[in-house]
Structures are given as C-alpha cells and as structure tokens.
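Student: Encoded as structure tokens, here's the structure I'll be asking about.
The values are calculated or read from the model by the stated rules, or taken from the named source; none is laboratory data. Just so we're clear, the structure is a prediction, and the values are computed from it rather than from any experiment. Positions of Cβ are backbone-derived with ideal geometry, glycine not excepted, and every protein chain shown enters the neighbour counts. Side chains included, ligands, DNA and RNA excluded: accessible areas come from the protein's heavy atoms. Shrake-Rupley method; radii C 1.70, N 1.55, O 1.52, S 1.80 Å.
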Amino acid sequence: MADDFSFQIVQSLGAFSKSKSGWTTELNMVSWGGRDPKYDIRSWSPDHNKMGKGVTLTKEELLALKQLLSETEIN
C-alpha cells in the first residue's frame, strides 16, 4: 500500500512559519493519490520531498475554520 502513495502540490498558498532546520509550515492545495486537490496544512522540507504530519481540509471545512478563527479572541 505504501508503494501507491503519491501527492502533488497543485498550488502553494503560502508558508507561515519556518524552523531552524529550514522546514516550513504551509497552506497548499494538494492532490493525494491523484484525487481532487484539497487544502492542506503541514510542514515540508525545503525541497518538498519530505513532509510532517498535517491536516487536510475540504473547502467547506476551511471556510468553517476561517469563520471560527475570525470569531475567536486570541490572546
């Protein structure tokens, strides 16, 4: 099953943090296994060949998160 793992970053929407090792945490549109792209938040190595754990969201989930964050007071 691991041999079938494939991904393609269809659109890079931006990085919002960078570690000392050069890995960045990014919001991208990613196609997993050839499926339709989804919004994806995770850390990536500088060459984008390795990735950390992350979360993949549909457009509806991303919009709900955006709404939640706009209503949240962050101290």
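Student: In what order, largest first, do THR72, THR25 sit by accessible area if the probe radius is 1.4 Å?
Tutor: Solvent-accessible surface, decreasing: THR72, THR25.
Student: Also, I was wondering about something else. Could you order PHE16, PHE7 so the one with the most accessible surface comes first? Probe is 1.4 Å.
Tutor: Correct descending sequence by accessible area is PHE16, PHE7.
Student: Might you tell me the accessible area per residue for the chain, computed with a 1.4 Å probe and given in Å²?
Tutor: Accessible area per residue, the chain: 78 Å².
Student: Let me ask something else. Run lengths n ≥ 4 of DSSP H only: what is the helix-derived mean residue ellipticity at 222 nm for the chain, with -39500 (n - 2.57) per run over all residues, to the nearest 500?
Tutor: Only helices count here, giving -5500 deg cm²/dmol.
Student: Across the chain, how many lysine pairs, 8 or more apart or on two chains, come within less than 24 Å at their alpha-carbon atoms?
Tutor: Lysine pairs meeting both conditions in the chain amount to 11.
Student: A follow-up question, please. Taking Cα pairs under 8 Å and at least six residues apart, what relative contact order does the chain come out at, in percent?
Tutor: 21
Student: Probe 1.4 Å, all protein chains in place: accessible area of TRP23 in Å², nearest 10?
Tutor: 80
Student: Can you list the HN-Hα couplings for the stretch 24-29, worked out from phi with the Karplus curve (6.51, -1.76, 1.60; θ = phi - 60°), rounded to whole Hz and with x for Gly and Pro?
Tutor: Result, rounded to whole Hz: 10, 9, 9, 10, 9, 9.
Student: For the chain, with all protein chains present and a 1.4 Å probe, just round the carbon and sulfur fraction of the accessible area to a whole percent.
Tutor: Reported share for carbon and sulfur atoms: 54 percent.
Student: Tell me the Kirkwood hydrodynamic radius of the stretch 1-53 in angstroms, computed as one over the mean inverse distance between distinct C-alpha pairs.
Tutor: 11.5
Student: On to the next question. What's the local net charge at THR25, with K and R +1, D and E -1, over the other residues with C-beta under 15 Å away?
Tutor: With Lys, Arg at +1 and Asp, Glu at -1, the neighbours total +3.
Student: What is the helix-to-structure angle for 59-71, meaning the angle in degrees between its Cα long axis and the longest Cα principal axis of the chain, kept from 0 to 90 and rounded to the nearest 10?
Tutor: Value to nearest ten degrees: 30.
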